[in-house]
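Please treat every number below as a calculation from the coordinates, not as lab data. It should be emphasised that the depicted structure is a prediction, and the values quoted were computed from it without experimental measurement. Using ideal geometry, Cβ is built from the backbone for each residue, glycine included, and neighbour counts are taken over all protein chains shown.
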Amino acid sequence: MLASWRARPVLSNGCGNFRRGFCCRAEDQSVSVTERQNKKKVVIVGSGWAGLGAAHHLCKQGFDVTVLEGGYELGPKTKSLSPDDAGIRGFWYPYRNIFNLVDELGLKPLYKLDEIGTIFRRRSGGITISMSLFSFQFARLPFTDRLTSLPLMAAVIDFDNTDAAWRKYDPMQYHANDLLPLKDEKIVEKVMSWLSRCIKDFENATVVDKEIGRFPKFLTHFFPGSYKYMMRGSTSFPNLYMAGDWIVNRHGSWSQEKCYVTGVEAANRVVDYVGEGGFGRIVGVEEDEPHIQSLRTFNRNLYDIRAQLPFSDYFLQ
């Protein structure tokens, strides 16, 4: 696909905190210099999953692509160009577009799907919500404790990725800002206090080892009320497009998969704007299982009926 890569490190002249990064260009050595000069030029800022998705498709369409990256830092003492971050190291079963890319690049066997969790379970047809109230995997939990999963199941049914759902659940998000300034001992004390509420034996337990990592402002910062600040893929500039997990779209994916999908979406906007090349294929998320579809339909109908009642805004949601 690509014959060579050229990489150039970028270092600042400062003697304190170095700002590191790199700039790379992908060039097909099978074409002449004149042909390369006539190619449409695209600059992509960021080499994460969004940048990868956009660059990969645009390179295949014959564009002259340049990727700019500012570098990665893990904590104040670590200065490296490692692309590893402090996020999730795994990929969930619905990451169909990333898995298609893995298959396209011939990286098998790269992943192995394991069935994990108890509420969300992998079936032959995809991920389903196990009716955990009666699941045998909760054999050690009293029925009253199983009832505590009802709000989670209700939220999964209620959140349908619409604008109204986002605005409803957006104020309920949380983050770890309150924990970041605490000392390690205080964090351990809080964790042990919370655990002892669930299992009484933790009250007499002794912590013999701990490992706490702090990564302030390292990952995309979602916070209560952030949805109204989230950006769209298109901007007021006709040739500038955005991608990433902070972009509003209705594909239905999350995390790395959403980043990659928005990258391909941005590449498709470039193709449409320039009028050259073909559109990248984006695989949709799996259809909801029949019982989930039925419950969501019932929930929407119930919401519509409730909205017509007087003082419906004061009802508990």
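Shape summary: the stretch 183-317 maps onto an equivalent ellipsoid whose semi-axes, from the alpha-carbon gyration tensor, are 39, 29, 17 Å in decreasing order.
Label separation (ASP209 vs ARG296): 4.4 nm, computed from points 7 Å beyond Cα along the C-beta direction. The ranking of HIS175, HIS251, HIS57 by Cβ neighbour count inside 10 Å, starting from the fewest, reads HIS175, HIS251, HIS57.
Full extension of the chain segment joining ASP163 with VAL248 gains 29.7 nm, where the gain is 0.36 nm per residue of separation less the Cα-Cα distance.
For VAL42, the residues 5 or more places off, or on other chains, whose built amide H falls under 5 Å of its own are ASP64, VAL65, THR66.
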